[in-house]
């Protein structure tokens, strides 16, 4: 008998003996055998689950390897600018997407002008000043520096005389020219009381130069230089304090707009124009830096983000409170002045080129009602014996708005806006530079 044959014979004998032993144990201990079978079944099920988890891990490793390969390819190539992506179909209504090499869809592409959903920051618009963004979050504090320049220029011809026939005038022609330049710098603070309620305050420092010249046209008064009246004054000092409260009514979810209710109060901390020292002719020695009246202005602002633009608008009503002034401007005494209230509205569009730069265009119009005054003559006459009340004409103030916002850092941005007057009563030009900076991020 060979060695292999002997080995086979030994295995067969041992197998038969083991089988016989198991049958013997099964006959003698049936309960133990069932428990053993159940344990073996559980071990087999556990092994199957481990095999399934190993397959899932292998699939995840494959996906991570694919993502790393895509990232490596993208870093070795020049990334297209957001504006180019929009033109090539990244934004809705774009061009032919087939002309662009599409990368594997690992993460969703951010649309032009739309912030990531994980980033909680206010919408920044330059043209509506403090009424254009969602409120400051709870506990956050924002400081803002603002530089402002405004220019108003008026020239008109005044005729004093008699019109004999059409286009034949006998009398004096005067040119009434007035200019006003206002340069101001202001500091503001805004604090989020809650996630929907914000309080703010702003105090400006104003430099104002007013020029008013009444000059006769050559030949109308024998070129008498004494007939020219030059009333040019300047004033520098603190302006009127502004206090604001804002409450967010709607949060802009599910396609609805952000809606913010605003309340602004103007406190006359600047120089009152009726308290200025004047000469014998009633001309002031310097220009006023404030309006001299309290004002309350409730308004409502709506902001609707629609990829890739933002639509916005504001409606406001301003209540100006009248008061007694008792100012002598010969030949009259001004006893009471009630500045007219005003209705205003504005609307526009903000276009985001990327996450840092936004272009804003809009139009604003204000209808200011006439100012009521009560006056009397220093020397009463038969025609004007006592107090007389009059009201000036209404003013129509239209402005075209242009603004650019650039986000310098996650906490600071630059807002530059320009207003161009479109009606006769409007200021010719106004430009504003604002630099808001987040001091406390809140929670």
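Overview of results
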{"item": "Odd one out for residue 223 among (1) modelled with pLDDT of 95 or more; (2) surrounded by fewer than 16 Cβ atoms within 10 Å (Cβ to Cβ)", "result": "(1)"}
{"item": "Filter result for the condition that a residue is farther than 24 Å from residue 279 by Cα and either touching a helix residue (DSSP H, G or I) at 6+ places or on another chain (Cβ under 8 Å) or at pLDDT 95 or above (or both), over 412, 342", "result": "342"}
{"item": "Among the residues listed as 154, 196, 160, the single one being loosely packed, with under 15 Cβ neighbours inside 10 Å and either touching a helix residue (DSSP H, G or I) at 6+ places or on another chain (Cβ under 7 Å) or modelled with pLDDT of 55 or more (or both)", "result": "154"}
{"item": "Some residue of the stretch 435-443 being out of contact with any helix residue (DSSP H, G or I) (no Cβ under 6 Å at 6 or more places or on another chain), under 19 Å from residue 313 (Cα atoms) and part of a strand (DSSP E or B)", "result": "no"}
{"item": "Residues (in a loop (DSSP other than H, G, I, E, B) and within 12 Å of residue 293 (Cβ to Cβ)) located in the stretch 245-268", "result": "268"}
{"item": "Considering residues of the stretch 413-440 that are exposed (fewer than 14 other Cβ atoms within 10 Å of the Cβ) and over 20 Å from residue 201 (Cβ atoms) only, the residue nearest to the chain's Cα centre (by Cα)", "result": "423"}
{"item": "Residue among 345, 370, 398, 386 that alone is in a loop (DSSP other than H, G, I, E, B), without any contact (Cβ under 8 Å) to a residue 40 or more places away in the chain and surrounded by 14 or more Cβ atoms within 10 Å (Cβ to Cβ)", "result": "370"}
{"item": "Pairs where the first residue, in the stretch 265-294, is at positive phi and in contact (Cβ under 8 Å) with a residue 12 or more places away in the chain and the second is outside any loop (DSSP other than H, G, I, E, B) and surrounded by fewer than 17 Cβ atoms within 10 Å (Cβ to Cβ), C-beta under 8 Å, 6+ apart", "result": "282/328; 282/329"}
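The values are calculated or read from the model by the stated rules, or taken from the named source; none is laboratory data. Here the structure is a predicted model, which is why all the values come from computation and not from measurement. Virtual Cβ from ideal backbone geometry, glycine too; neighbours counted across all protein chains shown.
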